[in-house]
Amino acid sequence: MDSKIETLKTWIEASDNIVFFGGAGVSTESGIPDFRSVDGLYHQQFDYPPETILSHTFFYQNPDYFYRFYRQKMLPLEAQPNAAHKKLAELEKAGKLRAVITQNIDGLHQKAGSRNVLELHGSIWRNYCTRCGRFYPPEFIRDCAGVPKCECGGVVKPDVVLYEEGLSEDVLRRAVHAISAADVLIVGGTSLTVYPAAGLIRYYRGSKLVLINRDETQYDTAADLVLRDPIGQVFSQV
């Protein structure tokens with residue numbers, strides 16, 4: 001077994017206070033494209049850049065285009081958890097993992113069985129009327145034509161954090177608390193370039209910071225262990 005995998009396995013076995021912080025790369029092995037890789041959304045051709053389409057301003061100014069894009073690219077309802085999601089749920093059940101902090105909105109951690117999941121950017125599985133607050137399942141948006149409307153006439157908006165919108169203060173507070181108290185912090189599948197989420201790892205005070213990512217990140221030199229293998233492949237070995 002690779003020495004880095006062996007080290008990670010040893011740290012996991014010895015700890016009951018692990019926190020996982022993950023990004024889009026955690027779900028790519030489930031068939032969900034990320035944003036910044038060669039085949040990610042940022043390298044696909046659209047009438048507008050994805051970060052423009054997924055912005056608060058664009059949502060209100062051009063809702064028809066927003067929902068066309070959203071249905072096509074942001075609703076992977078049939079996607080299934082991969083080895084990383086499953087292992088993290090297993091570690092939580094074993095009393096080792098205290099929290100999963102994710103930038104993803106796909107709900108795959110919960111589908112795998114994780115219970116303490118802090119969703120920094122919301123979830124496609126929650127949708128609400130902007131007028132009356134009534135909640136709708138994602139299938140409602142998927143199966144609608146045009147802009148989805150509530151019975152009251154209000155627009156049904158996904159409960160996801162768009163560009164220009166702020167993160168939940170409660171979720172941020174809980175994430176900071178979990179990271180600052182962790183013995184082992186495993187960061188995976190994220191380029192650590194999207195703030196304020198990326199800045200959360202600065203709250204880690206321990207000596208076992210693990211980075212699992214295909215590409216280099218700005219925090220590599222500060223990490224105690226860096227792995228470049230696919231995250232599902234890593235977790236299938238620990």
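The values are calculated or read from the model by the stated rules, or taken from the named source; none is laboratory data. Note that the structure is a prediction, hence the values are computed from the model and not measured. Counting neighbours? That spans all protein chains shown, and the Cβs are built from the backbone with ideal geometry, glycine included. Areas reflect the complete protein model, heavy atoms only, side chains present, ligands, DNA and RNA absent. Shrake-Rupley method; radii C 1.70, N 1.55, O 1.52, S 1.80 Å.
The set of residues in the stretch 151-166 that are surrounded by fewer than 16 Cβ atoms within 10 Å (Cβ to Cβ) and of a type in the set (A, V, I, L, M, F, W, C) contains only Cys152.
Kindly provide the set of residues from the stretch 122-149 that are of a type in the set (Lys, Arg) and under 15 Å from Ile105 (Cα atoms), ordered by number. Before you say what the answer is, go through the steps one by one.
Within the stretch 122-149, the subset of a type in the set (Lys, Arg) is 126, 131, 134, 142, 149.
Correct list: Arg126 only.
Do you know which of the residues in the stretch 182-228 that are open to solvent by 60 Å² or more (accessible area, probe 1.4 Å) and free of Cβ contacts under 8 Å to residues at least 24 places away in the same chain is farthest from Gly31 (Cα to Cα)? I'd like the intermediate steps shown before the answer.
Filtering the stretch 182-228 down to residues open to solvent by 60 Å² or more (accessible area, probe 1.4 Å) leaves 183, 193, 195-196, 202-203, 205, 207-208, 214-216, 218, 221-222, 224, 228.
Now drop any that are not free of Cβ contacts under 8 Å to residues at least 24 places away in the same chain, which leaves 195, 202, 207, 216, 221-222, 224, 228.
On the way: Tyr195: 25, Arg202: 30, Ser207: 33, Glu216: 22, Thr221: 30, Ala222: 30, Asp224: 30, Arg228: 19 Å.
The residue in question is Ser207.
The residue that is farthest from Pro81 (Cα to Cα), among those in the stretch 118-148 that are of a type in the set (A, V, I, L, M, F, W, C) and open to solvent by 20 Å² or more (accessible area, probe 1.4 Å), is Cys132. Looking only at residues in the stretch 111-135 that are closer than 28 Å to Val147 by Cα and of a type in the set (S, T, N, Q), the one that is nearest to the chain's Cα centre (by Cα) is Ser123.
Each residue in the stretch 72-103 was checked for being in contact with a His (Cβ under 7 Å, 6 or more places away or on another chain) and part of a loop (DSSP other than H, G, I, E, B), and 1 pass.
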